[in-house]
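Enquirer: Okay, handing you the structure first.
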Amino acid sequence: MKVIKYALSFLFIVTTSFVFSQTNAITGKVSYISSKNIYVKFESTRDINVGDSLYILKNSDKIPVLQVAQKSSISCVCTALSEDSFTIGQEVIFKTLTVEKEVPEIITDKNINKTQEAEIDNLAKATEKKTDKKKLKKKKVAAKIKGRLSASAYTNFTSDEPIDDPKMRYTLSLSGDAVSAADLNFSSYISFRHKINHWADIQDNVFSGLKIYDLAVNKSFSNFEFTIGRKINRTVSNIGAIDGLQISYSAGDLSFGAIIGTRPDHSDYSINFNLPEAGLYVAHTYKSNTGSLNNTLGIFEQRVGSATDRRYLYFQHSNTLVKKLYLFGSFQLDLYELIDEVPQNDLRLTSLYLSARYRISKKIDLFASYDTRKNVVYYETYKNSLDQLIDQATRQGLRLRLILRPLKYVTTGISGTYRMENGGLGATKNLHGYINYARVPVLKMSTALSYTFLDTYYLNSHIFGIRMNKDFYRGKIGTSLNYRYVNYIYDVSQNQLRQHIAGINLNWRIFNQLSLSLSHEISFTGDKIYHRSYFKLIKRIKH
């Protein structure tokens, strides 16, 4: 059989070599269009290489419009070189040189990346009629499933109180491509937590412990994409998760989308059919040799039952056209609100976020942002009270950050935030600086020193910290020690409270797909000692 296989391969190559020696063009057809790539099918791509250009005919002139990024034996994955729009079945041309003699290449199983070829060919044939079921199974993309499963335990106790019942948390993060005969994609991120000896809380309301952050299936064909389930739409990411149906249609640089469904419940993040939501949006993408520009404009309406609760415009912008500069912005403009049961249609800016990151060189990074979005509601968090205080006080307002890398193993940074409080309570100010040495001589460990100043309308605090990290056994075991000294001064009473926080962390990569994390934190506050312990086992999934 191998002899016959090689003989047929040789005969095919010699034949195509003879044909190619008589012409200088190969014709292919566009078979699939995605948001980023154009797929072109040929009878053979033997003479086409990655980086080659594909052409279309305009007034008898050959115009380069596509560049080959990947290829299989019969298909090419291409990126656009022009603003031309493409349609399924459109002819494109590859120009070859006239060749007098061709040295045949014997193609064997060792010369072809079978997985990659199957992926490209499957996409290239997405619009063809699949009449031969046996051939369809052979050409079908192998399902790709990846994710991770984890189990963790958390407990705290004080010097004069017994150990609290441990809190257990289990998470599953899983995604898959082409997992069924219908070529469905899915994604999920689910967590479940409960407290030992407090199972009655779960029985009263399962969603007090069950949190579904992402659970959706996705299907694409032609220029359409359908998503059903709970999913954050990246095109309108700041509106949050959507429970329901999302549809998008791509037409060249433009895409149109619609959503209809409900919002998660505000109290426990469960499904709440009493919070319907619907909207439409249009997005435009411009690509150049240096980067891309994306704009999205949409209108959305949220209701409580049948009554309109909110109607607003949403705009999102991202920009990487200037080298080393990344810009992002979004805002929400309310068109409707209910005040004392009276509808109001005045325009009102209710959410604004702007950010810019500029990497001047390998040694200097700049970042600036302005944020008026509402503070994040944490349905789950294991942060201590100090970290939660800093997060809540510094998330909104104006933020500036500078990162420097003056030496090979040295990184230093400084950042500050400023926010005016509502109600004439004054301003919240924050200043944070650090210096990190990634490779301390002899010890072969990294050490970081930090300082944080926080000034709010009711207190100010000074926080000094040090953190040391060291790996063992070629990175299989990672350890860290940290210490922070905190001095709180309350504005009203001028009372001071000093806090010493020390922690130790251990990360052990048991196998390639299995790891274990242990941490313990001890806090000395006044005459009390607080303990926090955390354990986590992670199993990575890849199929």
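Enquirer: Work out how much length T27 to T479 would gain on full extension: take 0.36 nm times their residue separation and subtract the Cα-Cα distance, in nm to one decimal.
Expert: Roughly 156.8 nm would be gained on extension.
Enquirer: As an exercise, use a Förster radius of 41 Å and the Cβ-Cβ distance of K408 and A153 to find the FRET efficiency, rounded to the nearest 0.05.
Expert: About 0.55, to the nearest 0.05.
Enquirer: Rounded to the nearest 0.05, what FRET efficiency do D165 and I63 have when you use their Cβ-Cβ distance and R0 = 60 Å?
Expert: FRET efficiency, D165 to I63: 0.25.
Enquirer: Considering only the other residues whose Cβ falls under 12 Å of the Cβ of F511, what net charge follows from Lys and Arg at +1 and Asp and Glu at -1?
Expert: My count for the surroundings of F511 gives +4.
Enquirer: By how many nm would the segment from L210 to R357 lengthen if fully extended, with 0.36 nm per residue of separation less the alpha-carbon distance?
Expert: 49.3 nm
Enquirer: Let me ask something else about it. Could you compute the FRET efficiency for I489 and I247, with r as their C-beta to C-beta distance and R0 at 56 Å, rounded to 0.05?
Expert: Taking R0 as 56 Å, the efficiency between I489 and I247 is 0.55.
Enquirer: Still on this model: Could you list I271, I239 so that the one with the fewest beta carbons within 10 Å of its beta carbon is first and the one with the most is last?
Expert: Fewest to most other Cβ atoms nearby, the residues stand as I271, I239.
Enquirer: If neighbour count is taken as other Cβ atoms inside 10 Å, put V30, V206 in order from fewest to most.
Expert: With the sparsest Cβ surroundings first, the list reads V206, V30.
Enquirer: Identify the GluC sites (Glu not before Pro) of the stretch 254-348 meeting these criteria: DSSP loop state and at most 13 other C-beta atoms within 10 Å of the C-beta.
Expert: Passing sites in the stretch 254-348 are E341.
Enquirer: Gap in Å between the Cα centre of the stretch 194-248 and the Cα centre of the stretch 287-325?
Expert: Here the two parts' Cα centres lie 21 Å apart.
Enquirer: Please work out how much length the chain gains when fully extended from R373 to L443, using 0.36 nm per residue of separation minus the C-alpha to C-alpha distance, in nm with one decimal.
Expert: 20.8 nm
Enquirer: Return the loop-located trypsin sites (Lys or Arg not before Pro) in the stretch 240-346 (DSSP other than H, G, I, E, B) with at most 14 other Cβ atoms within 10 Å of their own Cβ; answer none if there are none.
Expert: Qualifying residues, ordered by number: K323, K324.
Enquirer: While we're looking at this one, here's another question. Please list the non-local residues whose amide H lies under 5 Å from the amide H of R373, H modeled 1.01 Å from N, same-chain partners needing a gap of 5 or more.
Expert: Residues meeting the criterion, in which the H sits 1.01 Å from N, are L352.
Enquirer: A follow-up question, please. Quick one: 3J(HN,Hα) in Hz for the stretch 332-337, Karplus 6.51/-1.76/1.60 with θ = phi - 60°, rounded, Gly and Pro as x.
Expert: Running phi through 6.51 cos²θ - 1.76 cosθ + 1.60 with θ = phi - 60° gives 10, 10, 6, 9, 8, 8 Hz.
Enquirer: Could you tell me the relative contact order of the stretch 384-519? Use alpha-carbon pairs under 8 Å, at least six residues apart, and round to a whole percent.
Expert: 13 percent
Enquirer: Another question about this same structure. Ranking S44, S330 by Cβ neighbours within 10 Å, fewest first, what do you get?
Expert: S44, S330
Each reported figure results from applying straightforward, stated rules to the coordinates on display, with no laboratory input. Predicted, not measured: the structure shown is a model, and the values here were computed from it. Reconstructed Cβ throughout: ideal geometry from the backbone, glycine too, with neighbour counts over all protein chains shown.
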